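These notes are about the structure you will find just below.
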Amino acid sequence: MGFLVDQGIRVLCLDIDGTLYPKRMLNSRMVRSSFPSLRLAMAFNWARAQYRRVQDVHPNLKPSREGLLDLQSRLVAGRLGRPLDELNLQKTRDSIERQFYRAWERSFRSIKAYEGMKEALTEAKRHGLVIAVFSDFPLARKLETLGISDLVDIAHSSEESGYLKPSSRAFSFLLERLAVPPAQVLFMGDSYSKDCQGAKRAGMYSCLITAKRKPVYPDADLVVGSWKEFASLVL
């Protein structure tokens, strides 16, 4: 089994968006979520980036999804110039739920898996690996749509922890649920900063899937351009 055997890997943990299916499908859905309010979409995108910057030091963050949604609503409302009273924060949270979370859940019913992804996971399961997924956004029914729900043993969104990747607290939440030492986990994702660097700081092995080949990705133990290449190197 190549890399997995050499390193004693017991768990293969995967990001979802851009990792299990092409990023262009994600991007097209993100564009659609700019409507009906482009202003809200811009504020939401800013707030998610700001959240990653402040999450490990923010004094009022509750380590739960409820805490994440509360602070996210506060950041969006502030960006829109709305008063930060209870009524406006609830209105902002409801708008985010309608325009993003509910709309995404509907739109992701048509995503198509990367070629060779399901076959690689089937082979990994045949060799006794635990398959996990860990995505920033809620999973909705993405695994069922991709046809791999029966292959995945553990599935979580980092939002459940109250933190987003690459926070060490998000990866600690994951490791508690995997119940194995980090050195026995290979984390695969399409974001070098969020997936590979976050996993590496948590003590895991990391694999970057990308069509862009820079000279070096120091925190990626493996870099692959496709699931076929992943299978040839890892399995």
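The values are calculated or read from the model by the stated rules, or taken from the named source; none is laboratory data. Because the structure is a prediction, the values reported are computed rather than measured. Here the Cβ is made from the backbone with ideal geometry for all residues, glycine too, and neighbour counts use every protein chain on show.
Quick look at the numbers
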| read-out | value |
| --- | --- |
| Among (1) in contact (Cβ under 8 Å) with a residue 60 or more places away in the chain; (2) part of a helix (DSSP H, G or I); (3) surrounded by fewer than 16 Cβ atoms within 10 Å (Cβ to Cβ), the one test that Lys62 misses | (2) |
| Qualifying positions in region 27-37 - exposed (fewer than 13 other Cβ atoms within 10 Å of the Cβ) and at pLDDT 95 or above | none |
| Of the criteria (1) outside any helix (DSSP H, G or I); (2) under 18 Å from the mean Cα position of the chain (by Cα); (3) closer than 27 Å to Trp227 by Cβ, which one Asp56 fails | (3) |
| Options Phe173, Phe137, Phe108; residue that is touching an Asp or Glu at 6+ places or on another chain (Cβ under 8 Å) and at pLDDT below 95 | Phe137 |
| Checking Val5 against (1) surrounded by 14 or more Cβ atoms within 10 Å (Cβ to Cβ); (2) of a type in the set (Val, Ile, Thr); (3) without any contact (Cβ under 8 Å) to a residue 60 or more places away in the chain, the condition it does not meet | (1) |
| Residue satisfying all of: in region 131-141; of a type outside the set (Phe, Trp, Tyr) and under 12 Å from the mean Cα position of the chain (by Cα); farthest from Thr19 (Cα to Cα) among these | Pro138 |
| Single residue of region 27-49 satisfying the filter (in a helix (DSSP H, G or I) and in contact (Cβ under 8 Å) with a residue 40 or more places away in the chain) that is farthest from the chain's Cα centre (by Cα) | Arg39 |
| Selection status of Lys165, in a loop (DSSP other than H, G, I, E, B), in contact with a Lys or Arg (Cβ under 6 Å, 6 or more places away or on another chain) and touching a residue at least 24 places away in the same chain (Cβ under 8 Å) | yes |
| Verdict on Glu144 being surrounded by fewer than 16 Cβ atoms within 10 Å (Cβ to Cβ), closer than 24 Å to Gln7 by Cα, out of contact with any strand residue (DSSP E or B) (no Cβ under 8 Å at 6 or more places or on another chain) and at pLDDT 95 or above | no |
| Test: residue in region 15-26 that is exposed (fewer than 14 other Cβ atoms within 10 Å of the Cβ), farther than 18 Å from Leu174 by Cβ, modelled with pLDDT under 95 and touching a helix residue (DSSP H, G or I) at 6+ places or on another chain (Cβ under 9 Å) | no |
| Some residue of region 65-85 being polar (S, T, N, Q) and touching a strand residue (DSSP E or B) at 6+ places or on another chain (Cβ under 7 Å) | no |
| Meets criteria (of a type in the set (Val, Ile, Thr), assigned to a helix (DSSP H, G or I) and at pLDDT 90 or above) for Val76 | yes |
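Listed here are the residues, each with its yes/no results for (1) under 19 Å from Asp15 (Cβ atoms); (2) in the same structural domain as Phe44 (by TED's automatic domain parsing); (3) touching a residue at least 12 places away in the same chain (Cβ under 8 Å).
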| site | (1), (2), (3) |
| --- | --- |
| Thr92 | no, yes, yes |
| Glu97 | no, yes, no |
| Trp104 | yes, yes, yes |
| Gly116 | yes, no, yes |
| Arg126 | no, no, no |
| Val130 | yes, no, yes |
